[in-house]
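Just below is one structure, and these are the notes that go with it.
None of the figures in this text is laboratory data; all of them are computed from the coordinates on show. Here the structure is a predicted model, which is why all the values come from computation and not from measurement. Note that each Cβ is placed from the backbone with ideal geometry, even for glycine, and that neighbours are counted across all protein chains shown.
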Amino acid sequence: SKGTISILGLGAMGSAIAARLRETGYTTTVWNRTPAKTQPHVQAGANAAATIAEAVQSGDIVIAVLLDHASIHENLEPAAAELKGKVLVNVTTTTPNEARATAAWAAEHGITYLDGAIMAVPQMIGGAGSRLLYSGDENAYAIARPALETLGTAEYEGTDAGLASLKDMALLTAMYTMFTGVLQAAAMMRTVGVPAVQTAQDVTAWLNAVVPLAAPTVAVVDTGDYDPAPGQNVDFTNAAVTSLITAAREQGISAAHLEPLKRQLDELAATGRGTADWTSVIEQLTINR
Ligand code: NDP
């Protein structure tokens, strides 16, 4: 065996993680609130523990994959004494501040804490494209890294435990915004009988062509030299977005997702920044510094 790891939580994700660790040569101890879910793992060679306290005693590394922040604290706080001196890797999805709160709790109890965020679905664990982000205690990362690398590419973001979650949330924000755009396009095209899947395919081809422009387009944000615009300016973009809103409404489609952008562009234009780069809308997103 390469070592002993305890996995807390055998939902879709916890099960995939436990199976992968076992298949790559780790001895695993599994715990799940609903004990029946440990059975297939036991049949495949895992040890099952009846309580978290028992589960964490048999491994130096503990990986928690529960539902959310509340379920982590509800279940781990009673086992703080047993977790002392262990490396706790929490890959449950939480917000950055929740991750920081768990890190502070772990530090109080002598638990070496690493927070994680999983950029993969369960079927991807251990396969190509699986990517996991980590932040928190550097030593915890060094110790757990060989095991974590069996799950997917491991990226360490820094000692602030909230960083992995922050990046996770940022990437998911971009994804949801993009898919919202796909839905908006599909709603427009559906008015003339085009199936959503066909529009999604058209959008995919278009996005594949323009996504490489994302980094060069936002380069100006890092310099802050918005005016004169190195790229499309506020007035130009405002005209384009106005057309998109008008076209949606003409088809009987709401432009609710585009209107906030239009308001930001209007505000920039009204304050004399029509010739500035349109990406300066990012400055309006920052509501407190
Ligand atoms: P599932 O719904 O499949 O499993 C949830 C797990 O959490 C189960 O083991 C469940 O136990 C346990 N659980 C829920 N509430 C409690 C509680 N109050 N006390 C104890 N255990 C509890 O979810 P996933 O496995 O898919 O997700 C787990 C985590 O991984 C989540 O934070 C999710 O955001 C994250 N994740 C999931 C991805 C995915 O594609 N699935 C992708 C990236 C991250 P029980 O069996 O008893 O119900």
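Taking a ≥ b ≥ c as the square roots of the eigenvalues of the Cα gyration tensor of region 191-285, is the shape rounded (a/c under 1.5), prolate (a/b larger than b/c) or oblate? It is oblate, given that a/c is not under 1.5 and a/b is not larger than b/c. In order along region 277-283, the Karplus-derived 3J(HN,Hα) couplings, from 6.51 cos²θ - 1.76 cosθ + 1.60 at θ = phi - 60°, round to 4, 5, 5, 5, 4, 4, 5 Hz, and Gly and Pro are given as x. Helix 214-223 versus the longest principal axis of the chain: what angle, 0 to 90°, nearest 10, using Cα atoms? On a 0 to 90 degree scale, this one is about 90. The Cα center of region 1-75 and the Cα center of region 155-222 differ in position by 34 Å. Against the longest alpha carbon principal axis of the chain, how many degrees, from 0 to 90 and to the nearest 10, is the axis of helix 138-148 turned? Once rounded, one gets 80 degrees.
How big is the antiparallel share of DSSP beta bridges in region 69-203, given as a percent to the nearest 5? Display every interim value, and only then the final one.
Details: 6 of 14 bridges.
If we restrict to bridges inside region 69-203, about 45 percent are antiparallel.
Taking the chain as a Gaussian network of alpha-carbon nodes connected by springs under 10 Å, the highest mean-square fluctuation of the residues Leu207, Leu132, Leu114 belongs to Leu207. In order along region 246-260, the Karplus-derived 3J(HN,Hα) couplings, from 6.51 cos²θ - 1.76 cosθ + 1.60 at θ = phi - 60°, round to 4, 4, 4, 5, 4, 8, x, 10, 5, 10, 4, 7, 9, 4, x Hz, and Gly and Pro are given as x. Taking the DSSP bridge list for region 4-160 and keeping only pairs wholly inside it, about 20 percent are antiparallel.
If both residues of a DSSP beta bridge must be in the chain, then about 25% of such bridges are antiparallel.
Estimated from helices alone, the mean residue ellipticity of the chain at 222 nm is -15500 deg cm²/dmol (sum of -39500 (n - 2.57) over DSSP H runs with n ≥ 4, per residue). Taking the Cα centre of region 61-137 as origin and assigning +1 to Lys and Arg Cβ atoms and -1 to Asp and Glu Cβ atoms, the resulting dipole is close to 260 debye. What the phi angles of region 180-188 give under the Karplus curve with 6.51, -1.76 and 1.60, with θ = phi - 60°, is a coupling list of 4, x, 4, 5, 4, 4, 5, 5, 5 Hz, glycine and proline written as x.
Over the chain, what is the relative contact order in whole percent, taking alpha-carbon pairs under 8 Å and six or more residues apart? Mind dumping the intermediate values first?
Details: 462 pairs, mean separation 33.4, N = 289.
12 percent.
With neighbour counts taken as other beta-carbon atoms within 10 Å, the residues His73, His41 rank, fewest first, as His73, His41.
By its C-alpha gyration tensor, with a ≥ b ≥ c as the square roots of the eigenvalues, how is region 114-246 shaped: rounded for a/c under 1.5, else prolate for a/b larger than b/c, else oblate? Oblate, since a/c reaches 1.5 and b/c is not below a/b. Candidates Ala80, Leu10, Ile111 compared by Cα position along the dipole of region 4-160: farthest toward the positive end lies Leu10, with charges placed on Cβ.
For the chain, the normalised intensity computed at q = 0.13, 0.16 Å⁻¹ comes to -0.93, -1.13 (log10 of I(q)/I(0), Debye sum over alpha carbons, equal scatterers, no solvent). In the elastic network of the chain, a GNM with C-alpha springs shorter than 10 Å, the most mobile of Asp266, Asp277, Asp222 is Asp222.
Cross-link partners of Lys167 among aspartates and glutamates, defined as those whose alpha carbon lies under 15 angstrom from its own and excluding same-chain residues fewer than eight positions apart: Glu98, Asp115, Glu155, Glu157.
Helix 196-210 and the longest principal axis of the Cα set of the chain meet at an angle near 80°.
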